[in-house]
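The values are calculated or read from the model by the stated rules, or taken from the named source; none is laboratory data. As the structure is a computational prediction, the values presented were derived from the model and not from experiment. Because the Cβ atoms are built from the backbone with ideal geometry, glycine has one as well, and the counts that use them run over all protein chains shown.
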Amino acid sequence: MSSAKTKARQCAVQALYQWQMTGQNLSAIEGQFQEDQRLKNAQKSYFSDLFHGVPKYLDRIDASMADFVDREVEKIDPVERAILRIGVYELLLKPETPYRVVINEGVELAKSFGADGSHRYVNGVLDKVAQVERKLEIEAKKKKNSM
């Protein structure tokens, strides 16, 4: 049984994929998700935050991962790109969510929606972004574990 936040992330991946592929209006896509009951059991406010937040901060998100991907961000598989964008968004703008949770959720999304082995790619990219964007959190965790 997945949590309401996990369900929100799953729906956000699907909605962002649709947006990336069609360029449709965000509100129209969100409306479809609500009409189809796809947001049932999802934390709707978190879905909305992710779904509207990624396009709002797209340049910053893509720039944060550009050094850690093996091709232009736009050439990454669209499913993996949606998953990575959500993960990087959370790493940048959701400091209340521990970086390990963000990475783990990204890996699980890739296992569910991505191609075979894509979870390893997502894990590697999100881990590298976390090393930069969550440096203080990671160092504090290492210090705590070494005591």
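Within segment 1-15, which residues are among the hydrophobic types (A, V, I, L, M, F, W, C) and part of a helix (DSSP H, G or I)?
A4, A8, C11, A12, V13, A15
In segment 11-56, which residue that is of a type in the set (V, I, T) and surrounded by 19 or more Cβ atoms within 10 Å (Cβ to Cβ) is nearest to V88 (Cα to Cα)?
Looking at residues that are of a type in the set (V, I, T) and surrounded by 19 or more Cβ atoms within 10 Å (Cβ to Cβ), I get V54.
Can you tell me which of S48, S112, S146, S118 is hydroxyl-bearing (S, T, Y) and more than 22 Å from A8 (Cα to Cα)?
Matching residue, one of S48, S112, S146, S118: S146.
So which of E90, E74, E96 ends up being acidic (D, E), over 12 Å from the mean Cα position of the chain (by Cα) and within 14 Å of K5 (Cα to Cα)?
E96
What are the residue pairs meeting all of these: first residue in segment 112-133, first residue among the small types (G, A, S), second residue surrounded by 20 or more Cβ atoms within 10 Å (Cβ to Cβ), Cβ atoms under 6 Å, and 6 or more apart or on different chains?
Between residues of segment 112-133 that are among the small types (G, A, S) and residues that are surrounded by 20 or more Cβ atoms within 10 Å (Cβ to Cβ), the close pairs are G114/V79; G114/E80; S118/E80; S118/A110; A130/L91; A130/Y99.
For segment 19-39, what are the residues that are at pLDDT 95 or above and either within 14 Å of I83 (Cβ to Cβ) or aromatic (F, W, Y) (or both)?
Those that are at pLDDT 95 or above and either within 14 Å of I83 (Cβ to Cβ) or aromatic (F, W, Y) (or both): W19, Q20.
Just one of A42, A82 is on the phi < 0 side of the Ramachandran plot, modelled with pLDDT of 95 or more and either small (G, A, S) or under 11 Å from the mean Cα position of the chain (by Cα) (or both); which is it?
When all the criteria are applied, what remains is A82.
Conditions: (1) farther than 17 Å from V13 by Cα; (2) touching a residue at least 40 places away in the same chain (Cβ under 8 Å). V79 meets all but one. Number of the miss?
So V79 meets the others, but not (1).
A8: buried (at least 19 other Cβ atoms within 10 Å of the Cβ), among the small types (G, A, S) and farther than 26 Å from K128 by Cα, yes or no?
Answer is no for this residue.
Which of the residues belonging to segment 16-43 are of a type in the set (D, E, K, R), in a loop (DSSP other than H, G, I, E, B) and without any contact (Cβ under 8 Å) to a residue 24 or more places away in the chain?
Answer for segment 16-43, where residues must be of a type in the set (D, E, K, R), in a loop (DSSP other than H, G, I, E, B) and without any contact (Cβ under 8 Å) to a residue 24 or more places away in the chain: D36, K40.
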